[in-house]
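Chemist: I am attaching a structure below and will ask some questions about it afterwards.
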Amino acid sequence: MRVHVVSDVHGNTEGLAKAGDGADALVCLGDLVLFLDYADHSRGIFPDLFGVENADRIVALRTARRFEEARELGRSLWAGLDRESAIEAAVRRQYAEMFAAFPTPTYATYGNVDMPDLWPQYAGPGTTVLDGQRVEIAGRVFGFVGGGLRTAMRTPYEISDEEYAAKVEALGEVDVLCSHIPPEVPELVYDTVARRFERGSRALLAAIHRTRPRYSLFGHVHQPLARRMRIGRTECVNVGHFAATSRPFALEW
């Protein structure tokens, strides 16, 4: 059995269409939407609406952790526009392309920049969406936890620590723990390019210590200090490099 795992697709539809090649199934851990590419400021919903110069400015402010100034810039740019309608229309265009690129079967959960309410409209019969749920794939149990924890960035699918922990608890014991965000381990949550610690989950870390899955797979942190490490018997692997590399992580058994 061979399963390919991707996360942080961020608009890489061309790569996604090939991600399942040679695999029996594809697992996607979210962040399909590309709002703003921090490596190429000309790509994404934000520069399409407001231009590259404004994208440069807002990235510089966020990287410097000047979040209130970044929000003020955003407010000035959105003034007079219907923000929700503009973003939803752009996200719908991206979802239409990316869900059509998913192979059969695909098992997917949401990232923090995704809009879960829209997924049922685009997920075809070959795509199973899971959040706080488990599925058996060729004799191994995969558990899925979508979304992220609340941050100053205020991305669309951020939830409370308590709600997130309840989803982790609902999984019970699994062979492969699949989440968008990492467990709360400094080496796994620090982004070396953004130069900041992203939010990781203490509930995921506790579940790893308690239930000892074979793998913990996640994304969210694009340039982590450590891409993989062991916690007891659990191999923790960051698969969140797909937008830049188009390379899935492969599980075989």
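The values are calculated or read from the model by the stated rules, or taken from the named source; none is laboratory data. In this text the structure is predicted, and so the values were computed from the model without any measurement. Cβ atoms come from the backbone with ideal geometry, glycine included; neighbour counts cover every protein chain shown. Ligands, DNA and RNA are excluded from the accessible area calculation, which covers all protein heavy atoms including side chains. Shrake-Rupley method; radii C 1.70, N 1.55, O 1.52, S 1.80 Å.
Chemist: Send over a whole-number figure in Å² for the accessible area per residue of the stretch 94-208, probe 1.4 Å.
Modeler: Accessible area per residue, the stretch 94-208: 42 Å².
Chemist: With Cβ to Cβ distances under 12 Å as the rule, what net charge do the other residues near V52 carry (K, R +1; D, E -1)?
Modeler: -3
Chemist: Give me a comma-separated list of calculated 3J(HN,Hα) values for the stretch 150-163, in order, Karplus coefficients 6.51, -1.76, 1.60 applied at θ = phi - 60°, integers in Hz, x for any Gly or Pro.
Modeler: 5, 9, 5, 6, 6, 6, x, 10, 9, 10, 6, 4, 5, 5
Chemist: Percent of accessible area on the chain owned by carbon and sulfur, 1.4 Å probe?
Modeler: In the chain, the share of accessible area belonging to carbon and sulfur is 48 percent.
Chemist: Taking the dipole about the Cα centre of the chain, with the C-beta of Lys and Arg at +1 and of Asp and Glu at -1, give me whichever of T155, G126, F46 is farthest to the positive side.
Modeler: T155
Chemist: Another question, if that's okay. For the stretch 104-253, what class follows from the C-alpha gyration tensor (a ≥ b ≥ c being the square roots of its eigenvalues): rounded when a/c is under 1.5, otherwise prolate if a/b is larger than b/c, else oblate?
Modeler: Because its axes are fairly even, with a/c under 1.5, the stretch 104-253 counts as rounded.
Chemist: Is the shape of the stretch 180-230 best called rounded, prolate or oblate, per the rule: a/c under 1.5 gives rounded, else a/b larger than b/c gives prolate, else oblate, with a ≥ b ≥ c the square roots of the Cα gyration tensor eigenvalues?
Modeler: It comes out prolate by the Cα gyration axes.
Chemist: Which residue fluctuates the most in the chain, going by a Gaussian network model with Cα springs under 10 Å, if the choices are V91, V239, V33?
Modeler: Comparing V91, V239, V33 in a Gaussian network model of the chain, the most mobile one is V91.
Chemist: What does the charge dipole of the chain about its Cα centre add up to, to the nearest 20 debye, if the Cβ of each Lys and Arg holds +1 and the Cβ of each Asp and Glu holds -1?
Modeler: I would put it at about 660 debye.
Chemist: Compute the separation of the alpha-carbon centres of the stretch 127-163 and the stretch 25-98 and state it in Å as a whole number.
Modeler: The stretch 127-163 and the stretch 25-98 have Cα centres spaced 22 Å from each other.
Chemist: How high is the relative contact order of the stretch 20-92, in percent, counting Cα pairs under 8 Å that sit 6 or more residues apart?
Modeler: 19 percent
Chemist: Let me ask another. Add -39500 (n - 2.57) for each DSSP H run of 4 or more in the chain, then divide by its residues: what number comes out at 222 nm, to the nearest 500 deg cm²/dmol?
Modeler: -9500 deg cm²/dmol
Chemist: Would you mind classifying the stretch 83-171 by shape? Square roots of the alpha carbon gyration tensor eigenvalues, ordered a ≥ b ≥ c; an a/c under 1.5 is rounded, otherwise it is prolate if a/b is larger than b/c and oblate if not.
Modeler: Oblate is the answer for the stretch 83-171, as a/c is 1.5 or above yet b/c matches or exceeds a/b.
Chemist: Which label marks the calculated value of semi-axes √(5λ) of the Cα gyration tensor in Å, given the options [x] 29, 21, 16; [y] 32, 21, 15; [z] 44, 19, 18?
Modeler: Evaluating semi-axes √(5λ) of the Cα gyration tensor in Å on these atoms matches [x].
Chemist: Amide H of V27: which non-local residues (sequence gap of 5 or more, or other chain) have their own amide H closer than 5 Å, using H built in the peptide plane?
Modeler: H4, V5, V6, Y107
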